[in-house]
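The next block holds one structure in the form of structure tokens; read it before the comments.
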Amino acid sequence: MNYSKYNRENLVAARRIFITAAFVLFAMFRIMPLAAAPRVSEQRQALITYALKLQGTPYVYGGDSPENGMDCSGFVTYVAANSVGVQLPRTAHSLYTATKRIKPQEREPGDLVFFKNDPASERITHVGIYCGVYHGKNRAFEGRRVFVSAVSDGPKTGVQLTLMSQKFWKGHFFAYGRFLPSTKEYNAAVKIKNEAAK
């Protein structure tokens, strides 16, 4: 028996195992932060899922249903009412005044995002639903923050997903607003309710 050949084969096999194990460990540590990231509450997820299903609905000023078309505030109020049962005011400005102000670092998917055409004006001119960081089929959006809204102007109109970093929207961004409990608050309330039911 050729022991040197046998030892060489074992050495090659051991190297392969080591390289494979190192790659698996590297991949685990790279993926773990994504997998371990806290998910949004069921309530917020229901809102976003419902909103995204309405993509392609035509923009109609004053519209507030998929059948008749929607404007930006009509879209938000329709989604809130039909996905999570929350009745919201009808105009973009009244939505702004009715929601809680939050800092950009506090935003969660399901919060509202407000825009102004004229920064010097008091008037809110557009509202959408913040959806967080995109992961899906559209490679141009991958890993970037997006919101969904009913858009009235531009190359494409109607209910659509848009990049927060797109030049127009970035330049006209005004504030975030919250009308749903944060994920932390929601989950704490659910836990208390479940414990009380035992």
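The values are calculated or read from the model by the stated rules, or taken from the named source; none is laboratory data. Here the structure is a predicted model, which is why all the values come from computation and not from measurement. Here the Cβ positions follow ideal geometry from the backbone for every residue, glycine too, while neighbour counts run over all protein chains shown.
Among the candidates 159, 146, which residue alone is within 19 Å of residue 64 (Cβ to Cβ) and outside any helix (DSSP H, G or I)?
Values: 146 fails: within 19 Å of residue 64 (Cβ to Cβ).
When all the criteria are applied, what remains is 159.
Given the conditions (1) buried (at least 18 other Cβ atoms within 10 Å of the Cβ); (2) closer than 27 Å to residue 61 by Cβ; (3) within 13 Å of the chain's Cα centre (by Cα), and given that residue 163 satisfies all but one, which numbered condition is not satisfied?
(1)
Of all residues being of a type in the set (S, T, N, Q) and touching a residue at least 24 places away in the same chain (Cβ under 8 Å) in region 99-125, which is nearest to residue 180 (Cα to Cα)? Just the residue, please. Spell out how you get there, then give the answer.
Pass one, region 99-125, residues of a type in the set (S, T, N, Q): 99, 105, 117, 121, 125.
Now drop any that are not touching a residue at least 24 places away in the same chain (Cβ under 8 Å), which leaves 99, 117, 125.
On the way: 99: 9, 117: 26, 125: 22 Å.
Among residues in region 99-125 that are of a type in the set (S, T, N, Q) and touching a residue at least 24 places away in the same chain (Cβ under 8 Å), the one nearest to residue 180 (Cα to Cα) is 99.
Within region 94-136, how many residues turn out to be surrounded by fewer than 16 Cβ atoms within 10 Å (Cβ to Cβ) and not basic (Lys, Arg)? Full working, then the answer.
First, pick out the residues of region 94-136 that are surrounded by fewer than 16 Cβ atoms within 10 Å (Cβ to Cβ): 94, 97-98, 100-101, 103-106, 117-123, 133, 135-136.
Cutting the leftovers down to not basic (Lys, Arg) gives us 94, 97-98, 104-106, 117-122, 133, 135-136.
Looking only at that region, the number is 15.
May I ask you to list the residues in region 183-198 that are of a type in the set (D, E, K, R) and exposed (fewer than 10 other Cβ atoms within 10 Å of the Cβ)?
Filtering region 183-198 down to residues of a type in the set (D, E, K, R) leaves 184-185, 191, 193, 195, 198.
Of everything in region 183-198, those that are of a type in the set (D, E, K, R) and exposed (fewer than 10 other Cβ atoms within 10 Å of the Cβ) turn out to be 193, 195, 198.
Which of the numbered conditions does residue 171 fail, given that it passes all the others? Conditions: (1) of a type outside the set (Val, Ile, Thr); (2) under 20 Å from residue 79 (Cβ atoms); (3) at pLDDT 95 or above; (4) exposed (fewer than 13 other Cβ atoms within 10 Å of the Cβ).
Of everything listed in (1) of a type outside the set (Val, Ile, Thr); (2) under 20 Å from residue 79 (Cβ atoms); (3) at pLDDT 95 or above; (4) exposed (fewer than 13 other Cβ atoms within 10 Å of the Cβ), residue 171 misses just condition (2).
Can you tell me which condition residue 79 does not meet? The list is (1) on the phi < 0 side of the Ramachandran plot; (2) surrounded by fewer than 20 Cβ atoms within 10 Å (Cβ to Cβ), and all the others hold.
Unmet condition: (2).
When you check residue 140 against the structure, is it over 12 Å from the mean Cα position of the chain (by Cα) and either modelled with pLDDT under 95 or of a type in the set (Ser, Thr, Tyr) (or both), yes or no? Write out each step before concluding.
Details: over 12 Å from the mean Cα position of the chain (by Cα): yes; either modelled with pLDDT under 95 or of a type in the set (Ser, Thr, Tyr) (or both): yes.
Yes, satisfied.
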